[in-house]
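First the structure, in the form of structure tokens, and then the observations on it.
The values are calculated or read from the model by the stated rules, or taken from the named source; none is laboratory data. What you see is a predicted model, and the numbers here were worked out from it, not measured in a lab. Cβ placement follows ideal geometry from the backbone for every residue including glycine, while neighbour counts extend to all protein chains displayed.
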Amino acid sequence: MSKDKPRCKESVQGEGCWRSRMCSRYAVKGGYCHQHHPDTVKKRAEARDSRFKAHWDRVRIRSDKQNALSDFVTAFRKYYAKRLYKDRRSMELAWEKYEDHE
Ligand SMILES: [Zn+2]
């Protein structure tokens, strides 16, 4: 075949750069490379979620109510890409998901 191999259709964000560019890997299935295939992305997200939950369960025990949110933000940033939670609203939604507000 003389045709170029199809490339992954995911766009990725450059390090320290707000602009995104296309992933440079070849597509292997469903138009995505291994790393960006929805199955892989989902699996990685689930693994990260469970690591974060375990970590947060330990951190929250030491946190009083006043420090809990800032501890949460610190812990959260360790496990999730900052750019996903750059705005305040999405961080609040994440906080509500993990913290029990009685
Ligand atoms: Zn890719």
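Structure above, values below:
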item	result
Counted residues, the range 25-78 - those being more than 19 Å from the chain's Cα centre (by Cα), exposed (fewer than 12 other Cβ atoms within 10 Å of the Cβ) and among the aliphatic types (A, V, I, L, M)	1
Selected residue (only one of ASP39, ASP57, ASP71 is within 16 Å of the ligand (Cβ to nearest atom), assigned to a helix (DSSP H, G or I) and at pLDDT 85 or above)	ASP39
